[in-house]
Amino acid sequence: MTSLQHKDDDFIAEYTLGLLESDEIAQAHSLLGEDDAAVVCALQWEARLLAITDVLTPLHPPVELLNRIHDTLGLPRELSSEPPREPRLIRPDLASAVATSESSPPVAAPDASVQDNTRASAQMPGKRRSAPPDPTEAFRREAASRRPASRLMFGTLWFWRFLAGALALLVIALILPRDIFRHEPALSASLEPAPSPAPTIVQVAVMQAPGTSSTPGWILTVDSRQNVMLEPKVDIVVPDSDRVYLWTYLEHLPQPRLLGVVDPERPLTLPVEVTGEVLPGQIFEMTQEPGTSNPREPSGPILFIGRTVSLG
């Protein structure tokens, strides 16, 4: 896009950055409402500044600075300057018991004769005696249930089957001739489509309400592919029984041409098949009409109107 140098280029740049005082802002609004070239210059400054922000390295400010910014803007503090807490064990008694049981030597199993004598004495009447429960048995079971998943995975049959299949595929790939996997750059280049360049904005129009000269109602842009894009800048209220229609005027046509219905709250994109070739100085307007059927010509009040200006 060709840069348009305006006589008030520095003043418009400061307005785009938000560096002006209240009286200077009113002066900038008056300039943008009366001079279409000033609007184009402001849009170009906005595009330059947005391109700069895309290449900046993101920074993470300190928590104290973020809290002070939140206090200045009247927002609740979402960040805390407290240091992160240390992780806490859910069951410290279980961890210590498991560590003690794992470090102690294994208990030898009793002989068969001892087991028979114990079983016989337990069956004799009047001399029943239950063995004291092992206090570490529950902890041993808990530790066994928490074995690493890697040990369980290595002990399954499916893991070794998968490993054998992967090794077989690797051996086949090494045995096959390398010409099969040879890459042909010329063939791939012929199959891949060349990327098309992104369209650029070549025309712009500021659509304003009749009788106003400081508040843009809609911004209309035309790209290099002749696609028309409209973006609302103000909010309007239209009765449910009415609709907003978009019209265009051409010098070689005596009557305006209807382009379609416009939602006053949403952006709109019209392809070149609908609008045709847009020429510099072409007029676009929006009117409020009854919503019974599409009118042949505008008869209702004009909401916004503007003329395209070439940027090249």
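The values are calculated or read from the model by the stated rules, or taken from the named source; none is laboratory data. Everything quoted here is computed from the prediction, not taken from an experiment. Here the Cβ positions follow ideal geometry from the backbone for every residue, glycine too, while neighbour counts run over all protein chains shown.
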Checklist entry - Residues that are touching a residue at least 12 places away in the same chain (Cβ under 8 Å), among the β-branched types (Val, Ile, Thr) and out of contact with any Lys or Arg (no Cβ under 7 Å at 6 or more places or on another chain): which strands (runs of 3 or more DSSP E) entirely in segment 199-259 hold 3 or more of them? => result 201-207
Checklist entry - For segment 298-312, what are the residues that are small (Gly, Ala, Ser) and surrounded by 16 or more Cβ atoms within 10 Å (Cβ to Cβ)? => result Gly306
Checklist entry - What residue, among those in segment 283-297 that are among the acidic types (Asp, Glu) and over 14 Å from Arg243 (Cβ atoms), is surrounded by the fewest Cβ atoms within 10 Å (Cβ to Cβ)? => result Glu297
Item to check | Neighbours by Cβ (under 7 Å, 6+ apart or cross-chain): first from segment 260-285, acidic (Asp, Glu); second part of a strand (DSSP E or B) | outcome: Glu265/Pro232; Glu285/Trp247; Glu285/Ile302; Glu285/Phe304; Glu285/Ile305
Next on the checklist: Criterion first (modelled with pLDDT of 85 or more and within 25 Å of the chain's Cα centre (by Cα)) does Arg48 satisfy it?
Outcome noted: yes
Checklist entry - Do the conditions hold for Leu56, that is, is it out of contact with any strand residue (DSSP E or B) (no Cβ under 8 Å at 6 or more places or on another chain) and over 21 Å from Pro216 (Cα atoms)? => result yes
Checklist outcome for this item: Checking Leu19, Leu43, Leu4, Leu31 in turn, the sole residue that is modelled with pLDDT of 80 or more, outside any helix (DSSP H, G or I) and under 30 Å from Gly217 (Cβ atoms) turns out to be Leu19
Next on the checklist: Quick check on my filter: what residues within segment 235-260 are farther than 22 Å from Gly281 by Cβ and surrounded by 14 or more Cβ atoms within 10 Å (Cβ to Cβ)?
Outcome noted: Ile236, Val238, Asp242, Arg243, Val244
